[in-house]
Structure formats: structure tokens, C-alpha cells
1. Can you list residues from other chains, or at least 5 along the same chain, whose modelled amide H is less than 5 Å from the amide H of A:SER97?
2. With springs connecting C-alpha atoms under 10 Å apart, model chain A as a Gaussian network and identify which of A:LYS137, A:LYS94, A:LYS118 has the largest mean-square fluctuation.
3. Provide a whole-number value for the mean count of partner chain Cβ atoms within 10 Å of the Cβ atoms in peptide A:163-176.
4. Residue by residue, what Karplus-based ³J(HN,Hα) values in Hz, rounded to whole numbers, does segment C:57-70 have, using 6.51, -1.76 and 1.60 with θ = phi - 60° and x for Gly and Pro?
5. Quick check: net charge around A:MET79, other residues with Cβ under 10 Å of its Cβ, Lys/Arg +1 and Asp/Glu -1?
6. Return the calculated 222 nm mean residue ellipticity for the protein assembly as shown, to the nearest 500 deg cm²/dmol, obtained by summing -39500 (n - 2.57) across DSSP H runs with n ≥ 4 and dividing by the residue count.
7. Using modelled backbone amide H atoms (1.01 Å from N, in-plane), which distant-in-sequence or interchain residues come within less than 5 Å of A:ALA82's amide H?
8. Quick check: net charge around B:VAL198, other residues with Cβ under 12 Å of its Cβ, Lys/Arg +1 and Asp/Glu -1?
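Values quoted throughout were computed directly from the atomic coordinates according to the rules given, and no laboratory measurement underlies them. Only a predicted model underlies this, so the values are computations on that prediction, with no experimental measurement involved. Don't worry about glycine lacking a Cβ; one is built from the backbone with ideal geometry, like all the others, and counts go over all protein chains shown.
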Amino acid sequence: MASKTESTLRNMVLALLIVALVSATSLGYIYELTKGPIEQAKLAKKLAAIQQVVPEFTNNPNADMYKVPSDVEGDTLEMYPAYNNDKLVGTAIKTFSDKGFSKRIYLMVGLLPDGSIKNIQVLEHAETPGLGDKMSKTKSDWSEQFNGKNPTDFSLKVTKDGGKVNAITAATISSRAYADAVERAYKTFMEHGKK
Amino acid sequence: MSKLKIFTKGFIKENAVFALFLGLCPTLGTTTSAINGFAMGLATTFVLVMSNIVVSMVKNFIPDKVRIPAFIVIIATFVTIVELTMQAFVPDLFEVLGLFIPLIVVNCIILGRAEAFASKNNVLDSSIDGLGMGLGFAMALTILGAIREMLGSGAIFGFKFITGDGMLAFVLAPGAFIVLGYLIAITQLINKGDKKTVLEVLSGVWKIARSFLKFLNFSK
Amino acid sequence: MDYVIIIIGAIFVNNVVLAKFLGICPFIGVSKKVETAIGMTGAVTFVMVIATIVTYLIQKYVLVKFGIEYMQTITFILVIASLVQLVEIILKKVSPALFQALGIFLPLITTNCAVLGVAILAVGNKYDLLKSTVFAIATAVGFGLALIIFSGLREQMDLANIPKGMKGVPIAFVVAGILALAFMGFTGLA
């Protein structure tokens, strides 16, 4: 067995330096390798969500995306317009809410040109498993109640707060956040969206 | 110690979770279902095997006084590799496991094995040790996830066998602690070879499950 | 208002130990006596708050600036490891008694996932510096609250008649589960 390197200052600094260098280089290499696939995976997910929430389209909503300021300072909403043969058929809006349990909730809300809701998909959330996560379509059909509703006569607040949204059982806060995100999308669209 | 023994000790006798109580955060945090637990276990196994191999390769070159920071850098490198790879190829799973993937870096099992085994043994033994401990960890997480999924959502590996919701408490935080407590008790008894008490504990498990059922019916 | 939500959320609703499962190792390992639990809470609070501030600055002015966010895990853990060393040295000088009590647990803070977890969460939640600091303090208080209540329960349990197979760690977990159930009652406070 080779003898062990002694703990002199020179050896310690040298050893740590080499370890750090090797690690940084290999990470940089792996990062370059995975950069493409990570972006592709994110894009694929976004496109799939857009496809589910707006009517059939012929353009590339990602390329036509425009940003508009939201009511929260410093945060913008991304609008993905869907055109079918140059006619606007709907807009997918990436919206958010900070009223949830843990981190920010992101939704993709599909609005028809008149502002009524076509469909909604959850992009990111960290709500409690078994309770708040029922907002996601894979867990329950709770979110179906929004489909086809127009917020002008469908107040986007949970029934407890005087609105028309039936909250998820035992998850009023998550439901409130969901409704808040949808309302943000609707208001921003009516104010700044292309129609 | 024979190679076989190095490999198998991680499953029951020195099981990271049930016997050594290491790596408990991901154990409780990711086992809402069997498949999540299994995935987390595999990700940890990969980091454990790779860091064990590298640590045993460089053990003579690293001076003693700086070995811990050096090991941490090595482990963190492999954790980041897992992070990036999962993000690229299994983004949905990455999202579910979330915070607990970067937290593999502070999983005490990994630094513990690097320090206690890999820094004293050759590359082959170290990789076997990492594989055994890792798979033992994965097994523990899968069992815990399966039990919680069965009780909590009435499903196993995603296949539902009851209609309705199951005992929600088991998917939520309290169930994680309680199920793990009983699994640890059973492992301790197996290691002591006390079969009679194993049965006693199992009947206790049944009683607890039944009282939970009553509690839930009551709360509805 | 934002701050109130962050504070209540981090202490009660999303308690770091009982709901988020971070820092379980010290929660089980250092909870046999109330006294050590209090000391551990102090050490964790100190490291957690400083670590969150330092990692926030590093994230903003180094990682994001140079586009190397993928180095987050590795830089954060190194910052925390160095901080723990620092705390150890300071504690040894300032309060040898406390150092003796916490001696073996101090290095364990490095592998306390709550510290790294909070640093990553604060960045992930897009908090600013002040919010991150408040979040770190509140999380540490939540950690301390859970740890001290739990150690009180465990001190009482020493006197209780517990079935042979469940003695020690197993019953501790069952009690932790019941404590988590109690904390679920805070759901909806925020």
C-alpha cells in the first residue's frame, strides 16, 4: 500500500485544489451535455400544456409569446397566443399565485378570445399530497369546474369568500391560490392581452 | 469479511434506515408512494456507489485533515450529476422528489460510508459496500412507501385496489413517522431473533391501523 | 402581511421537521434531554440564519451572474460546512461548557438537511434578502419548537411503561407522528 500523503499545509491546499478542479471541470462537461435535453424537456412540457388548454392551432405559440406586466410588481405573465389560420382562437397564459401553502404555484390557463376559460393545467406546485394536490388533473377532476366558465359571471373566489369556486375538501388555501392564479390570468388578459 | 457479507449486511443487519437511523429525511419525505421511494433509493444508490469508488481511489492522496471537505466535494459532484441527468431525462420524477435530490448531499449514509468504509478499503469492496447499503436503503424506502400508499390511498405502485380515498393520515406527515417507528421496532426484533415479540408488535400495528380507521370515520 | 404569512407558515403550518421532514436526524438524535435540545436549537438557529444570508448573496452575485446555477448544491454545502467550522471555533472560545454539551453534535449540523434545505428553499421561493432572513429565523424557531416539545415528551416517556419491542427509537417515532398530527391542526392558519 502506498504511504498516505502527510497533512502539511502545502499538501492540503494542493489536494483540495485538485479535487475542486476535477469536480468543477466534470460538472461543467455534464452541464453542457444535459443542457440541450433539459431545455427540450421543459419546452415539451410547456407545449403539451398549451395544447391541452387552447383550441387547435396552426402557429407556434412559443415563438409568438409576448410578456405583459402583472399586478405583482416585477413579475410578468407569459401569453402564448394560438392562431388557427391567422385567426386568434385562444391564449394560453402562464400565471402564478403566492397564496398557496409552500412555494409559488404556476398554472397554464387557456382563455378564449372573449375571456372565458377553456381549460387549465397545473405546471408547478408543492401543495400537500392527498389534499391540495387534487388541483392537478392527474389526481382528481376538481379543476374541471372552471372549464367553459366566463369570469364575468363566475366569480373566481372560493364559496367561503363569496365566490363560485367549490374548494377542495380540507384544502381551502390551495383552492384559493388556484382561483387567485386564474383570476390574475383573466384580469391581465382583459387588460393587456391581444384579442 | 467475505464479499457476499459486505453486500448483504446493508439489507437488514446494518440497514441504513431501520437499524442505523441514517438518511431519515428523504426516507420520510419521499415515501408518499412505493414508486417515489424506490426512485429516491436508486438515486441515492448511484451517488453512494460512485462516491465510494472515487473516495477509495483517492484515499491515499488526500491528507487526513482535509478529507471531510474533499469527500463532501466529491459527493456534491455526483449529486449534481444526478440532478442534471434527472432534469433532462425524467423531469416529472425530478419534480416529485424535488428538494430531496439536492439534499442527497447531506444524507448521512453517504458521508458515513465514505468515512467508515471507503476510506479504509479497496475499490472493489467499496463499490460492493456502496451497492449493498444503497439497495438496502432503496428497499427500506420502497417498503415504507408501499405501506403508506396501501393504507393512505388504497393503491400499490399506483394501482388502486379500493374506491375512495384511504386513510389520508398515512400519506401525510404523521403516517410517515408512525409507520417508520413500527418498521424499526420489527427490524430490531428480527436482529435480536425475538420471534414472539415480532408477532406482538405486528398485532399492535393492526390495532393502530384500526383505531386510525375509526378516527377517520368519526371525523367524517 | 407577507412577513406574517412567512413566519406563521414556517413555524406552524409547514413546520420544518413535522411537515417538511427536514432535520430529522438531530430531531431523533438530540431529543433525549430538554437541555441539549435547547443548545442544539441555538446552534442550528445561528448556522441557519447566517448560511441563508451568505448563500442568498452567493446565489445572486456569483451563481446567477456567471450563469452557473447548476453549481448551487456544491457551493451551498461548502459554505455551510465552513460556517459550522467557524461556529465550532467560536463556541470553543466563548462558551466551553456549551461546547462540551454539543461537542459531537456540532459537526452533525453540516449534514443537517434543514440548513441546506432552507437555503435552497429561500432561493427557490424567490424571496429577497430580508424575506430570506425572516424565513430562516422562523424556520429555526419552528425547528426549536418541535425539538423542545419532543424532548419534553421523551423525558416523560422514560418513566412510562412501554412494551419491550417499542422501547427507544420506535416509540419516539410514533410519538413524533402524533405530534405531527397535532401540528396538522394548524393547517389553515396562514
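1. Sorted by chain and number, the residues that satisfy this are A:ILE105.
2. Result: A:LYS137 has the largest fluctuation of those listed.
3. 1
4. Those phi angles translate into 5, 5, 4, 6, 9, 10, 5, 5, 4, 9, x, 10, 4, 5 Hz.
5. Cβ neighbours under 10 Å give a net charge of +1.
6. Helix contribution divided over all residues of the protein assembly as shown: -19000 deg cm²/dmol.
7. For A:ALA82, the qualifying residues are A:VAL89, A:GLY90, A:THR91, A:ALA92.
8. Taking every other residue near B:VAL198 into account, the sum is +2.
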